[in-house]
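The values are calculated or read from the model by the stated rules, or taken from the named source; none is laboratory data. These numbers come from a predicted model, not from an experiment. Please note: Cβ atoms are built from the backbone with ideal geometry, for glycine as well, and neighbour counts cover all protein chains shown. Only protein heavy atoms, including side chains, enter the accessible area calculation; ligands, DNA and RNA are left aside. Shrake-Rupley method; radii C 1.70, N 1.55, O 1.52, S 1.80 Å.
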Amino acid sequence: MRLQLIAVGNKMPGWISEGYHEYAKRMPPELPLDLTEIVPGKRSKKADVQRLTVQEGEKVLAAIKPGTHVVALEVQGKPWDTHKLAQRMQQWQLNGQDVAFLVGGPEGLSADCKARANEMWSLSPLTLPHPMVRVIIAEALFRAWSLLNNHPYHRE
């Protein structure tokens, strides 16, 4: 089983890349976390933001491998605490499907990405900087794995 984070955005600050990679490399070999970056459309004062979001969505959808379970990161999604995420991870592992986590650009995910999602997860009711979401997801996934495997990283 593989975990894939598909995120709109590239050219991240060094601290974002370092934070993401720190947690991604902690994942066990049997549950790797891979990052797929989608180059965002160019935003300007006259840009058609809706069209850009649709185009970004098409690129996100193209990055999803067939048979993958899709989790969209959405403010309107269900909030999961660490235990719930661990339960979901355990279920995904039992199902044997790869899982892709979708993170949109500044305007969020396209309607087509939301429609493709098997479930929606909300990290917080706060609006979070999209680059920071990468680090939060990677840490949350590692913590959930730690909980399932009695790893000392997770303590209550």
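When only the heavy atoms of the protein chains count and the probe is 1.4 Å, how do 21, 130 rank by accessible area, highest first?
Numbers: 21 100, 130 60 Å².
Greatest to least solvent exposure: 21, 130.
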- Once amide H atoms are built 1.01 Å from N in the peptide plane, which residues 5 or more positions from residue 110, or in another chain, come under 5 Å H to H? 57
- Query: How would 71, 135 line up by accessible area, probe 1.4 Å, largest first?
  - Reply: 135, 71
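Excluding residue 12 itself, what net charge comes from residues whose Cβ is under 13 Å from its Cβ, given Lys and Arg +1 and Asp and Glu -1?
Details: positive: 11, 134; negative: 18, 37.
Every neighbour counted, the sum reads 0.
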- Task: Have a look at 86, 6, 32 and report the one farthest towards the positive end of the charge dipole of region 1-96, computed about the Cα centre with Cβ charges (Lys/Arg +1, Asp/Glu -1).
- Result: 6
- Item | Furthest towards positive pole of dipole, 23, 60, 72, structure part the chain, Cβ charges | 60
- Within region 54-156, DSSP-loop chymotrypsin sites (Phe, Trp or Tyr not before Pro) with at most 10 other C-beta atoms within 10 Å are none
- Query: Each residue of region 72-82 in turn: what ³J(HN,Hα) in whole Hz from Karplus with 6.51, -1.76, 1.60 and θ = phi - 60°, glycine and Pro shown as x?
  - Reply: 8, 8, 9, 4, 7, x, 7, x, 10, 7, 4
- Query: How large, in percent, is the carbon and sulfur part of the accessible surface of the chain at a probe radius of 1.4 Å?
  - Reply: 53
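Mind listing which trypsin sites (Lys or Arg not before Pro) in region 28-80 are in a DSSP loop and have 15 or fewer other Cβ atoms within 10 Å? Show your work: numbers first, answer last.
Values: sites: 42, 43, 45, 46, 51, 59; in loops: 42, 43, 45, 46.
Counting only loop positions with at most 15 other Cβ atoms within 10 Å, the trypsin sites (Lys or Arg not before Pro) in region 28-80 are 42, 43, 45, 46.
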- Which one, [x] 0.99; [y] 0.93; [z] 0.96, gives Rg/Rh (Cα atoms, Kirkwood Rh) as derived from the coordinates shown? [z]
- Which listed pairs, of 59/114; 11/65; 65/114; 78/114, have C-alpha distances above 18 Å, in listed order: 11/65
- Message: Once you keep just the Cα pairs under 8 angstrom separated by 6 or more residues, what percentage relative contact order results for the chain?
- Response: 33
- Residue separation times 0.36 nm, minus the C-alpha to C-alpha distance between residue 49 and residue 149: what's the value? 31.7 nm
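Which GluC sites (Glu not before Pro) in region 1-55 sit in a loop by DSSP (not H, G, I, E or B) and have at most 13 other Cβ atoms within 10 Å of their own Cβ?
Sites meeting the loop and neighbour criteria: 30.
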- Taking residue 42 as the anchor, which aspartates and glutamates have their alpha carbon closer than 12 Å to its alpha carbon, excluding any fewer than eight residues away along the same chain? 56
